[in-house]
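The values are calculated or read from the model by the stated rules, or taken from the named source; none is laboratory data. Bear in mind that the values here come from a model prediction, so they are computed numbers and not experimental data. Cβ placement follows ideal geometry from the backbone for every residue including glycine, while neighbour counts extend to all protein chains displayed.
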Amino acid sequence: MDDLQCDGLTKRFGNFTAVNDVSFAVPSGSFFSILGPSGCGKTTLMRMIAGFENPSKGDIKIKGNSVLATPPNKRNVKMVFQHLALFPMMNVGENIAYGLRCRGEPKADIAHKVAAVLERIGLPGVEEKEVAQLSGGQKQRIAIARCMVLEPDVLLLDEPLGALDLKLRERMKIELKLLQHQFDTTFLYITHDQSEALVMSDNVAVMNAGRFEQIGTPQELYHSPASGFVAGFVGDTNRWKGRVVSIADGAAKVQTAAGEIVAAASGEDVAEGVEVDVFVRPEAIELGVPENGNSLRGKVDSLLFNGANSRILVRIADGELIEVNYPVMDGGGGLSAGDDVEIGWARERGRCFAAAR
Ligand code: ATP
């Protein structure tokens, strides 16, 4: 059963198409993210689902029923915003109770439901606390509890971690995922941060210029991107230019300024003579050359120490900088800036897509 389904959803503002023929389904109880750069249409899409914006075309179904004619307050969806909009003049209990009171539920039921939801988010007994007394992470959880107490079919989350500092954001990523599991409610999450989408989601749609480029599990997007845009946007990657010399068995021989390499030909428009972008992840590249692998020569530009994410930057012949995983345990392999190195990777770890025009 899908809790949410969008078919051919389109939104035009005058001549500009902000959301272009988007279709997807979100299975019940799953965490689905829409990931894309600023301005790609994420918020507009979410506002249509919430009912704040009318689609120019297409349909939205919640639990199998079209909601196009249903006003926002009658759709059983709730929305958490980046600026959480907790009422500062009310205490925590009153904040959470607000929606239930508007629904006219009996007082005793409200108190019981508020206590139960606070228990579920791991903040039992904080009803009397003022909003100002809460930490950033607690405010997040209260904002979610305020929605969840109303038992929505779908919870919409519009970049809710955007205003938090980095450390808290990292922790909240995990907490949100745990909360979603605990409530077993469908979450639709929008973000421009690929690491948030990868960590939390069962499925992710990558959005670019109003369209969905690919829908898949985080693993599918990471290991089998369907377009150069997805390859470049999801996960860290190196990217440089080349031209296809020949193709055999799905492998393209590519001439780059730094030498000839072989990469998986991704997409039907990769053909002999076509300009391509080559993508290879930093963790696929090693110092030295694996058997039957690609190799390029270059010069160490710099060593970037960042714990497990440390990198060596190698400048290859065309001036591009290639990021290579840094062997932290042996102090960067004894390299220093200016050293000549040979880097290599297994052929199947690289892929090429026709260059975006
Ligand atoms: P961000 O992450 O920056 O919020 P987004 O992916 O959520 O971006 P939207 O806010 O949906 O993107 O905007 C998509 C495009 O639609 C933008 O170019 C925006 O300027 C345009 N847009 C949004 N709302 C309107 C409107 N009411 N009238 C005209 N253009 C609009």
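Details
- From the options SER310, SER227, SER302, residue that is polar (S, T, N, Q), within 26 Å of GLN194 (Cβ to Cβ) and in contact with a helix residue (DSSP H, G or I) (Cβ under 7 Å, 6 or more places away or on another chain): SER310
- Odd one out for LEU188, checked against (1) touching a Pro at 6+ places or on another chain (Cβ under 8 Å); (2) within 16 Å of the ligand (Cβ to nearest atom): (1)
- Test: ASN73 is exposed (fewer than 15 other Cβ atoms within 10 Å of the Cβ) and among the polar types (S, T, N, Q): yes
- Checking LEU9 against (1) more than 21 Å from THR70 (Cβ to Cβ); (2) within 16 Å of the ligand (Cβ to nearest atom), the condition it does not meet: (1)
- Restricted to the stretch 189-260, the set of helices (runs of 4 or more DSSP H) holding at least 2 residues that are over 27 Å from LYS11 (Cβ atoms) comprises 194-200, 218-223.
- Any pair with Cβ under 6 angstrom, 6 or more apart, that starts in the stretch 94-116 at a residue that is farther than 10 Å from GLU127 by Cβ and ends at one that is part of a helix (DSSP H, G or I) and of a type in the set (Val, Ile, Thr): LEU100/ILE110
- Single unsatisfied condition, SER56 versus (1) at pLDDT 95 or above; (2) away from the ligand (no atom under 16 Å from the Cβ): (2)
- In the stretch 36-53, residue farthest from the ligand (Cβ to nearest atom) [restricted to those that are touching a helix residue (DSSP H, G or I) at 6+ places or on another chain (Cβ under 8 Å) and farther than 23 Å from VAL230 by Cα]: GLY51
- Within the stretch 17-35, the presence of a residue that is without any contact (Cβ under 8 Å) to a residue 40 or more places away in the chain and either within 11 Å of the ligand (Cβ to nearest atom) or over 26 Å from the mean Cα position of the chain (by Cα) (or both) is excluded.
- In the stretch 105-116, the residue that is surrounded by the fewest Cβ atoms within 10 Å (Cβ to Cβ) out of those that are part of a helix (DSSP H, G or I) and more than 37 Å from the chain's Cα centre (by Cα) is ALA108.
- Matching residues, the stretch 215-255, being buried (at least 21 other Cβ atoms within 10 Å of the Cβ) and over 30 Å from SER33 (Cβ atoms): GLY242, ALA252, VAL254
- Criterion: farther than 25 Å from VAL154 by Cβ and either touching a residue at least 24 places away in the same chain (Cβ under 8 Å) or not assigned by TED's automatic domain parsing to the domain that holds TYR189 (or both) - qualifying residue of MET79, MET90: MET90
- Scanning the stretch 37-55 for residues that are surrounded by 15 or more Cβ atoms within 10 Å (Cβ to Cβ) and more than 23 Å from HIS192 (Cβ to Cβ) yields a total of 1.
- Residue in the stretch 140-156 that is surrounded by 18 or more Cβ atoms within 10 Å (Cβ to Cβ), within 16 Å of the ligand (Cβ to nearest atom), within 22 Å of the chain's Cα centre (by Cα) and not polar (S, T, N, Q) present: yes
- Conditions (1) over 25 Å from ILE322 (Cβ atoms); (2) at pLDDT below 95; (3) out of contact with any Lys or Arg (no Cβ under 7 Å at 6 or more places or on another chain): number failed by GLY250: (1)
- Considering only residues in the stretch 299-324 that are modelled with pLDDT of 90 or more and acidic (Asp, Glu), the one that is farthest from ASP236 (Cα to Cα) turns out to be ASP301.
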